[in-house]
Amino acid sequence: MKRVFAAMTFACGLLYAGAASAQVSLKVDAPWVRATVSTQAVTGAFMQLTASKDARLVEAQSPVAGLVEIHQMEMDGNVMKMHAVAGIDLPAGKAVALRPGAYHLMLMQLKRQIRPGETVPVTLIVEAKDKSRTTMTVNVPVRAMNE
């Protein structure tokens, strides 16, 4: 009976260790959101993300926006085009920049004006290789429109 209990305890410990190791920690550096004017319905959020393990940013949310999409801007001939993407790969230990003119978050259907000096909560959802998800909320400072 003791052996069965010990084996079950060991197996549960392995399951717990496996679940814990699947978690991705995410480091967020230099986050900011661009301020808006009163009638503006969209703005961008920018930051640098570094994941502890290979992962993918798959979703973002914010209570100030009805919709948050992950976007990419790229040149198509002589025209800059922007479009939504399903996610952004985050290679383990490598910083990935979300910046103007490249990958970024679009906060759409804004519920109010976003003013310089305030902070906006943005929730990032990251998916590991095993499809487990980690959620992290960041209070992102708002910068003036001309920055």
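Before moving on, here are some points about what is shown:
- Test result for E127, assigned to a loop (DSSP other than H, G, I, E, B) and either of a type outside the set (S, T, Y) or surrounded by 13 or more Cβ atoms within 10 Å (Cβ to Cβ) (or both): no
- Residue check for S52: touching a Gly at 6+ places or on another chain (Cβ under 8 Å) and among the small types (G, A, S): yes
- If you go through the range 90-147 and keep only what is among the small types (G, A, S) and within 21 Å of A55 (Cβ to Cβ), you end up with A92, G93, A95, A97, A102, A128, S132.
- Residues in the range 85-124 that are under 14 Å from the mean Cα position of the chain (by Cα), part of a strand (DSSP E or B) and free of Cβ contacts under 8 Å to residues at least 40 places away in the same chain were compared, and the one that is farthest from V142 (Cα to Cα) is D89.
- Some residue of the range 41-63 being modelled with pLDDT of 95 or more, outside any strand (DSSP E or B) and within 12 Å of the chain's Cα centre (by Cα): yes
- Total residues in the range 56-82 satisfying the condition of being more than 22 Å from K111 (Cα to Cα), of a type outside the set (D, E) and free of Cβ contacts under 8 Å to residues at least 60 places away in the same chain: the figure is 9.
The values are calculated or read from the model by the stated rules, or taken from the named source; none is laboratory data. If you're wondering where the values come from, they're calculated on a predicted model, not measured in any experiment. No Cβ is skipped: glycine too gets one built from the backbone with ideal geometry, and neighbour counts run over all protein chains shown.
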